[in-house]
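Worksheet: one structure, shown below.
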Amino acid sequence: MNSAKLIVPAVAFGLLMPVAAAAQGSPSNRDRFALFTACRPVPVEVFVTNMGGPADITTPSVESMATSRLQAAGIDAPAGRPGGSTLQLSVFVSAQRLTASAVVTVYVIRLRLLKLVYDRQSDPGTGEAGRGSADSPGTAPDWLNWAPTWETPQQGIGFYLGRDGDPVTSLVGRMLDEFVSEYVRVNAEAC
């Protein structure tokens, strides 16, 4: 048998294996940097600004949705307990009534994971004690900085009948589902 006939399929198989592994969802180094937490708790911070928008879009309702979705996926999401990462969800919604039943709603939503990241340039020396604790954003040493490592922003204008906040809350839900899916994929082996 001709050895060239065996080499061509072997080379093709070798070239296609990394593509197949990526298609199966193997985390890349970028994914690991962005989302890997080794299954440590991921506190959630929610910021809602509602200027005349649907009454059901409030900080407690959005915080409850975020926490319950994370916990349903097995992600520990303690309130008010900062750690090495924090999920921030910011929702801004404003509405203006056009007619008795038609409302134009403007929204900006940002969901991002912040992680403490080591900054070698700011480190005063290897092994030197820090000037604060790495447990909260306000007291981290200067060489540990909070940085967004994963983010999904959404913004838009919607024309809705009535004052129902469902289109905005549905979008927040889909964004949380995207985060959960990616987080679980990247942390699967550690959890």
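Odds and ends about this structure:
- Coupling constants for segment 35-49 follow from the phi torsions by the Karplus curve (6.51 cos²θ - 1.76 cosθ + 1.60, θ = phi - 60°), and in residue order they are 10, 6, 10, 6, 6, 6, x, 10, x, 10, 10, 10, 10, 10, 10 Hz; glycine and proline get x.
- Measuring between their Cα centroids, segment 84-115 and segment 171-189 lie 19 Å from each other.
- Relative packing of peptides 70-78, 42-50 - highest average C-beta neighbours within 10 Å first: 42-50, 70-78
- The listed residues MET175, MET51 rank as MET51, MET175 when sorted by accessible area, largest first, using a 1.4 Å probe.
- Backbone HN-Hα couplings from phi across segment 153-158 [Karplus 6.51/-1.76/1.60, Hz, Gly and Pro as x]: x, 9, 8, x, 10, x
- Overall form of segment 30-84 per C-alpha gyration tensor (a/c, 1.5; a/b vs b/c): prolate
The values are calculated or read from the model by the stated rules, or taken from the named source; none is laboratory data. It should be emphasised that the depicted structure is a prediction, and the values quoted were computed from it without experimental measurement. Methodologically, a virtual Cβ is constructed for each residue, glycine included, from the backbone with ideal geometry; neighbour enumeration extends over all protein chains shown. Accessible surface areas use protein heavy atoms only, side chains included; no ligands, DNA or RNA. Shrake-Rupley method; radii C 1.70, N 1.55, O 1.52, S 1.80 Å.
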